[in-house]
Structures are given as structure tokens and as C-alpha cells.
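> Before anything else, here's the structure in question.
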Amino acid sequence: MRIIMKTFLVLFTLLVLMGIAGAGVVLWAFMHYGKDLPAHDQLATYEPPTSTRVHAGDGRLLAEYAVEKRVFVPIEAMPKQLIYGFIAAEDKHFYYHPGVDLKALARAVIQNVKLYAQGRRPVGASTITQQVAKNFLLTNELSITRKIKEAILALRIERALTKDRILELYLNEIYLGVGSYGVAAASLNYFDKSLSELTTAEIAYLAALPKAPNNYHPTRKTEAAIARRNWVIGRMLEEGYVDRAAATEARESPLVTKARHNIDFVEADFFLEEVRRDLVDRFGEKGLYEGGLSVRTTLDTKMQGMAREALRDGLVAYDRRHGWRGAITNIDLTAGWQTALEAVPRPLGNPGWRVAVVTALEEGNAQIGLRGGGVGVIPLYELYWARAYLGDRNQGRGDRIRKAADVLSVGDVILVETVTERKGKNDGDPPIPYPDGTYGLRQIPKVGGGIVAMDPHTGRVLAMTGGWSFELSQFNRATQALRQPGSAFKPFVYLTALENGYTPATIILDAPFVIDQGQGLGKWKPANFSREFFGPSPMRLGIEKSRNLMTVRLAQAIGMDKVSETAARFGIAENMPPQLAMSLGAAEVKLINMVTAYSALVNGGKKVVPSLIDRVQDKLGKTIFRHDGRGCADCIVSYWDNQPMPHLADERPQLTDPAAAYQIVTMLEGVVQRGTGRRIRAIGKPLAGKTGTTNDSRDTWFIGFAPDLAVGVFVGFDTPIPLGKQPWGGQETGSSVAAPIFKAFMEKALDGKPAIPFRTPPGVRMVRIDAQTGKVATAASKKIITEAFKAGTEPSAGKQAVFISGGTEIAAPAAAAAQPGAVPLPTVPTQGQQGGEAPSGLY
């Protein structure tokens, strides 16, 4: 008995010592391997990186920004059967173990001994919690050290998070193949379904993927994928998550996947890049690429398509007027044109035209082979525009095209587009159809440009295109380019005058103007674009006909310091030098700022802030940014019970008197009706705007608006050089380059919409006046217009007009100096006369 007791004590002591040693080892392991692992508070706040999705105003998806493409779905929104499927497949004891499943671990150890003896890869016993823990570790190496860290971290996670939260993290972060992080992304990528639409078989397939997605690819390894899916269905049946009938039906169903075809991306790269930068500024790179934001932008997808098409067509039209710059390259066709053509790199900025090679030339056409297969022909008529480009200096063209060989050579690689008809021989004749397989020669324009469409009442940017192609150049000419606006700035000179007591009936002398700039600087002699002088003219004509000399005199009379203040107030240019040249648009500005300033004219003088983002929500749906920051307690109601509509206060600052803004609107409407923008008149809707052209036609503009839509267009080379002359004579101007783009856009944007007149504010009197003298119209008046005046400033019979001459202000009749008591008008050169040196200035 004593021997037995002694043996028992020895064994017991050894067991205690071993237990103590084991506990010590475990404690040491926890301290040694756990010291660099995240603490409880870090685990409790962990969020998996989630995709940010950017949508247009109509909800269409524009872009996704993500490190890992993941759509976060709260556990409460996930179907129960989906949750049960993953638990059955991955961790049936999930709701009962403390993070590590000891039974499963022991079973895996025994199994791995057998597998090791067979030289096969060991199996794991990781719980769902341990798989979540992997996201906190730096590597996926198979080692004892990593497994120990994983187990320690799993135990910590279980103490820091609830079971449902752990499951939520797991189901949103697990990689399931084909670029899918999380079950929501996988559901879309494999089946083009939301989670709630998945069948039992589809749920089982997704639950089969975590171990090795590539081993169960639905098309490349279909048999293995179905076998693994059916095993999961069996596990769901064993655990009681599905009944036998449902399990049988799921097993017998084929594995059918469906690609995501319903993603309707909109081409708005320049717009999106501005949105991306804005989001980074507000939420940082991590917030954008990992924050799971839902962004609702201001983009109108239909208008965006119209803007892109109008700008591209306008750039092509200008480019074709100035000649053919040559083929992309020339290739040897000896070994066959198909192989040689396929080796040519894809041209950057190609909008969808086909790449072709010239295989033969005839007198009246060029035979071509098309990349991807097929042949075609380019008739001589489609080559007439392609006269040789003569260089950047004057944008001139070479001799007329008489045969295809004047343009192309065999082996030339070119861009072509299908054409179905050509213009009739004479104006009014019907188009002449082309046979199938007919193509037109195309060329990516060298000139750049931008277009912005804006809601003038809110500043919401409805459409924006900053160039021909974002792929070709990411420089946004709508928001980044600083260019001289030329005469597009003039309305703000005239607005300043109206704010300082002048009226639309003010008479301004249109005559030579010379300023001595100081010793050694010479004299500044601005001139009108036409190089003509028109004598005393009403203020309105200064805008309608874009008269430089009238504008300079007006700016001198009111003071350039006031004009500079107006430019700053409207957000056009800060700290604009108070120099007279600035009145002609010499300051560098951005297109979007000009459109914003014009918006303040048509909206009654209210300041608007341009915005591309309406609202941003976090991944849980909470709004964290709104462009319209006004509060509205009355808007938050459970239902409508015939209560009054909530009233939102108008918090927009007033930049100018609404009456003065309206007076400028009517003058700009005259630009379209009678002035430099009269080609816009053909649209047949109330429109107003202003052309702009700078020295040597380096920059061309048209900024204009309808009552509820403001649009601006800029066209020019990125490195400013002259745009040259038009083939039919005369310089390229805002009227010939930018205005057609504005017109093409507005025709489509306003199509089918009612003709809404510009809104007249209170305090405005409409008076019929003589368009030439600015006085009240009489029976003798040849041109009569209805002019807008502020109450109390309207002209009346016998009332003398204000006359501006050389910076002085005297009371004098507008034209008839022979009237009693009138001050004689100065003698000025008549129309068609000019003297002195060549004119300088902007127009």
C-alpha cells in the first residue's frame, strides 16, 4: 500500500509540475507572441476596407474606388440562410467556442499526422474567428508561429466583439474569387444578384469558396465546384438549416453563373477626377478607397453625353478646317497587312473609330483593311477635307485634293469611321447614300477645349468635359486651365457701370483710344475686331457688337478698381490688376469660374458655389456631407397629411442688384438676337451669351445661358498658339469655334422643353427706345428695341443722355448735335476709317 501511495504521489506531483509548466508555457506564449498583436480597443473599432461607389444624379453608377472591391452589408440585412450556409461549411460550433475550436483542432492534428506521412498538404482547423484574425496579421505563411498568433488574436477578438459582429466582419471581408471581397460582391460577380435573391444552391456555392476559390471556379473546374457545393448542401441538411426536399432540389440544380451586365457606366472621366479630388480633400485617401462611401453627384447623364458629343464634334470640325497632319504610321505589307496591322499599338484617345491600313490607291478612292478583319473603301469625297497641314504658325492648309494619293500612301495606318451618306450636290438636295463598307478618314484633334453645364440657381454642375480624351490628357481645361476670356469678360465691365449710375441708354464714343504707357513702353492702342470706328453708340451695342473701344472708355470712366472688385466679387479673378487691358479680358481665368459668374447674372444676382457632389453617406447610410447645408426640421416627417410644404430660406448672398443683373441679361440676349452670337438664335428659345476671342485668336469662348441652364465653352491649344484663319476667310473666333459647340449642346439640352422667358425682377421698367441714339423712340426711329431700366432711370422726352468720351462725362445729345443747347460731338473717323499702327488688344 505504501508503495502504491508513494507512486501515486510521485505521479500526482509530476502531473502538477507538468500542468504548471504547461500553464507557464501557455502564459509565456501569450506574452511572447501576443505582445505585438492588436489590443481589445483596436479590435473593437476594426472596419474592413470597403468600396466607395460614385453615382450620377439619376442613380447610375459612375465609378468605384477601392483597395479591395467590397460592398459592406450589415449582418441584419443578410439572409439567415446565407449565414447558416457559411457556418455549416466553415465553423459549425461558431456560436459555442471561445475563438478556438479545441475538438476540431485535436481532430486536425490527428489527420495531419496521417497526411504528413503521406507527403500531402496539412488541413486547417481555423474557426471563423481565426479567419477574421488573419486580416490583422501581415502574412499568410503556414507556420506554427502564425497559428499561435492567430489563436491568441481569435481569443482577443471573442472578448472584444459579439458573435454577430465577428460574423459580419467575416462575411464582408472574406475573399471569394473573381475580385470579390465579401459575400455581397461575390453575389453580384457570380450571379448578378443581390444577397436576398440567392437560391439555396447559390448560397451553398458561395459558402464552398473560402478555402480555395480558384479550385472551385464555376466554369474552369465545374465538377469540383458542384461537388464542393453539394457537400455544403449536405452540411446544411445535417445541421437542420434546410429540409431534405430543399437539399435535394439544390443538389440537382445546375451551377449557372451570370456576369454583371447591368452596370451602366457613364463616360465622365474629367468630372469623376474632380469628384475624386474633392473626396480626397474631404475624407482623405483612406476614407475614399477604404471607407465604403456612397456618393451622389450632380451629374445629369443625358446632358453629359450631349456635352461630350458637342465638344468632340466641335473640336473635329475645327481640326478638319485646318488640314491633315498625316498617318499614325506606315507599315510594310509584304508579309500580309493583317499581321502587320495587329502589331501597331492602339492609338491613345481613339473615341471608337476603327484602325485601318491603306492597301491600295485608285484615282477616286483608297482601299483599306480593318483591324479585326474586314475591308472597306474611302471615297475621294471623304478625303477632300484632308489638305496638308502647314504648321502651327498660321494653321493653314495645302493645295486642294484631286486624288486619293494626294492624302494617303499604301501602308498608311489611319483611323476611319463608317459613313452611310454624303451631302447632296447642291444646298437643299437630299443626301446621297453610300454603299456598305464605306468609311471616312478621321484624325484625333490637336486642339483642346472644355465645356461646363451648370444649374444657375444652385451651382450644381450637370455636365463637364475637360478635353478630347481623358486617356490622352488628364488636364482638365474646364477647371484647371487659366486662359484669357477676351470679350466674354465684358459683361462685368458693363455691370459695374450699371451699378454706378449708368444706364443702357448711356452713349459711349466708339473712336480711336490711345494711352501713353510711360517712358520706353510705347502707346497702347486698342482697336475693335473689325478695325472700324462707329462713333457715339448706346451702351448695349458695346456688348452686342463686342466693341473694344467703347468698353475701354467705359472702364476708364467708372474706374478699373471698381471693375477689379466686381471680378473678385463674382469669383472670376482675385486681385485682378486695375489696368484698362483687363477690361478686355486680359486676366487669366478658369472656364468653371466664368460659368459660375454668368450664373449669378441670370439667377438675379445671387452667388452660387459650383458643386459636383450633392451628398455623401457613410457605409451605414448616415449622411456625412451635403452641398445644400440648409437645415429643414419640417422636412423630417413620417408621412404627408396635407401639411404645408416646408419653406427653405434662400441663404445665397446677393452679389448685385437684381435689376442690374437683368439689364445685363437683356443685353446678352441682344448678343444672340443681333450680335456676335446670332448663330445661336436658330435654336428658337430665349438664350443669352457672349463670345470671347483673344489676341491672334489664341483663346475662343462662348458663355451663355437659358433661364435655368448656364453653359460655357472654351477652345484653344494647351500651349497657346493662334487658331489661324477660317478656310473661307477671316480669323477663327469665339463665334466660329466655341459658339457652334454651345449651339449643338443647347439644341439637344432644350429640345422638347418650353420656351421660358428670362424672369424680370421687381423695380424694372421696360421702355421702347431708339437702338441707335438711346433716346425714347419716336416715329422717326428706324430701329426700336425695348430696353430695361431701373425705376427712375428710364429716359424721357427732352431728357439728355449721358455721353462718355475719353474718360470724361458730359451731358450731350446722343447724335443730333444741332439741337438747341446741345454740346457738339467730337469729330471721329467714320465707319471703315482707321489710322495709326496696327490695333492691339483683345476682342
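> Among the strands (runs of 3 or more DSSP E) contained in the range 324-385, which hold 1 or more residues that are open to solvent by 40 Å² or more (accessible area, probe 1.4 Å) and either touching a helix residue (DSSP H, G or I) at 6+ places or on another chain (Cβ under 6 Å) or touching a residue at least 24 places away in the same chain (Cβ under 8 Å) (or both)?
354-361, 375-379
> Select, from Gly774, Gly832, Gly841, Gly821, the only residue that is at pLDDT below 80 and touching a helix residue (DSSP H, G or I) at 6+ places or on another chain (Cβ under 9 Å). Show your work before the answer.
Values: Gly774 fails: at pLDDT below 80; Gly832 fails: touching a helix residue (DSSP H, G or I) at 6+ places or on another chain (Cβ under 9 Å); Gly821 fails: touching a helix residue (DSSP H, G or I) at 6+ places or on another chain (Cβ under 9 Å).
Being at pLDDT below 80 and touching a helix residue (DSSP H, G or I) at 6+ places or on another chain (Cβ under 9 Å) holds for just one of Gly774, Gly832, Gly841, Gly821, which is Gly841.
> A further question follows. Could you please find all residues in the range 438-463 being in contact with an Asp or Glu (Cβ under 7 Å, 6 or more places away or on another chain), part of a strand (DSSP E or B) and open to solvent by less than 10 Å² (accessible area, probe 1.4 Å)?
Scanning the range 438-463 gives Gly440, Leu441, Gly448, Ala463.
> Is the range 167-174 home to any residue that is modelled with pLDDT under 90 and open to solvent by 30 Å² or more (accessible area, probe 1.4 Å)?
No, there is no match, as no residue in the range 167-174 is modelled with pLDDT under 90 and open to solvent by 30 Å² or more (accessible area, probe 1.4 Å).
> Right, something else. Would you say Val275 is under 24 Å from Thr465 (Cα atoms), part of a helix (DSSP H, G or I), in contact (Cβ under 8 Å) with a residue 24 or more places away in the chain and open to solvent by less than 10 Å² (accessible area, probe 1.4 Å)? Give the steps one after another, and end with the answer.
Values: under 24 Å from Thr465 (Cα atoms): yes; part of a helix (DSSP H, G or I): yes; in contact (Cβ under 8 Å) with a residue 24 or more places away in the chain: yes; open to solvent by less than 10 Å² (accessible area, probe 1.4 Å): yes.
Taking the combined requirement at face value, the residue satisfies it.
Conditions (1) farther than 22 Å from Asp91 by Cβ; (2) touching a strand residue (DSSP E or B) at 6+ places or on another chain (Cβ under 6 Å); (3) free of Cβ contacts under 8 Å to residues at least 40 places away in the same chain, marked per residue:
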residue: Thr199; (1), (2), (3): yes, no, no
residue: Thr219; (1), (2), (3): yes, no, yes
residue: Glu223; (1), (2), (3): yes, no, yes
residue: Met236; (1), (2), (3): no, no, no
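> Could you check Thr676 against (1) assigned to a helix (DSSP H, G or I); (2) surrounded by 24 or more Cβ atoms within 10 Å (Cβ to Cβ); (3) modelled with pLDDT under 95 and say which number it fails?
(1)
> Moving to a separate point now. Given the conditions (1) in contact (Cβ under 8 Å) with a residue 12 or more places away in the chain; (2) over 39 Å from the mean Cα position of the chain (by Cα), and given that Gly518 satisfies all but one, which numbered condition is not satisfied?
(1)
> In the range 207-217, which residue that is touching a strand residue (DSSP E or B) at 6+ places or on another chain (Cβ under 9 Å) and without any contact (Cβ under 8 Å) to a residue 40 or more places away in the chain is most open to solvent (accessible area, probe 1.4 Å)?
The first filter runs over the range 207-217 and keeps only residues touching a strand residue (DSSP E or B) at 6+ places or on another chain (Cβ under 9 Å), leaving 209-210, 213.
In the following step, the residues that additionally are without any contact (Cβ under 8 Å) to a residue 40 or more places away in the chain were identified as 209, 213.
Numbers: Leu209: 0, Pro213: 21 Å².
The extreme case among them is Pro213.
> OK, next. Going through the range 78-101 one residue at a time, which ones are under 20 Å from Glu239 (Cβ atoms) and either at pLDDT below 80 or in contact with a Pro (Cβ under 7 Å, 6 or more places away or on another chain) (or both)? Spell out how you get there, then give the answer.
If we filter the range 78-101 for residues that are under 20 Å from Glu239 (Cβ atoms), which is where we start, we get 78-97, 101.
Selection gives Glu90, Asp101.
Residue-wise test of (1) modelled with pLDDT under 95; (2) aromatic (Phe, Trp, Tyr); (3) over 27 Å from Ala511 (Cα atoms).
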position	(1), (2), (3)
Ser530	yes, no, no
Phe534	yes, yes, no
Arg540	yes, no, no
Ile543	yes, no, no
Ser564	no, no, no
Ala567	no, no, no
Phe570	no, yes, yes
Ala600	no, no, yes
Lys607	no, no, yes
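> Just need a number here: residues in the range 240-270 that are in contact with a Lys or Arg (Cβ under 7 Å, 6 or more places away or on another chain), open to solvent by less than 70 Å² (accessible area, probe 1.4 Å) and closer than 22 Å to Ser187 by Cβ. Lay out the reasoning, then the answer.
So in the range 240-270, the residues in contact with a Lys or Arg (Cβ under 7 Å, 6 or more places away or on another chain) come out as 255, 264, 266-267.
Okay, now just the ones that are also open to solvent by less than 70 Å² (accessible area, probe 1.4 Å), so 255, 266.
Filter again for closer than 22 Å to Ser187 by Cβ, leaving 255.
Within the range 240-270, residues that are in contact with a Lys or Arg (Cβ under 7 Å, 6 or more places away or on another chain), open to solvent by less than 70 Å² (accessible area, probe 1.4 Å) and closer than 22 Å to Ser187 by Cβ number 1.
> Could you grab me the full set of residues in the range 743-757 that are part of a helix (DSSP H, G or I) and open to solvent by 60 Å² or more (accessible area, probe 1.4 Å)?
To start, the set of residues in the range 743-757 that are part of a helix (DSSP H, G or I) comprises 743-749.
Selection gives Glu747, Lys748.
> If I go through the range 175-206 residue by residue, how many of them are in a loop (DSSP other than H, G, I, E, B) and either out of contact with any Asp or Glu (no Cβ under 8 Å at 6 or more places or on another chain) or open to solvent by less than 10 Å² (accessible area, probe 1.4 Å) (or both)? Step through it out loud before you land on a result.
We begin by selecting, within the range 175-206, every residue in a loop (DSSP other than H, G, I, E, B); these are 176-180, 182, 192-194, 198-199.
Subsequent filtering for residues that are either out of contact with any Asp or Glu (no Cβ under 8 Å at 6 or more places or on another chain) or open to solvent by less than 10 Å² (accessible area, probe 1.4 Å) (or both) retains 176-180, 182, 192, 194, 198-199.
Of the residues in the range 175-206, 10 are in a loop (DSSP other than H, G, I, E, B) and either out of contact with any Asp or Glu (no Cβ under 8 Å at 6 or more places or on another chain) or open to solvent by less than 10 Å² (accessible area, probe 1.4 Å) (or both).
The values are calculated or read from the model by the stated rules, or taken from the named source; none is laboratory data. All values reported here derive from a predicted model rather than from experimental measurement. As a convention, Cβ positions derive from the backbone with ideal geometry for all residues, glycine included, and neighbour counts pool all protein chains shown. Ligands, DNA and RNA are stripped out before the accessible areas are found, and what is left, the full protein with its side chains, is counted by its heavy atoms. Shrake-Rupley method; radii C 1.70, N 1.55, O 1.52, S 1.80 Å.
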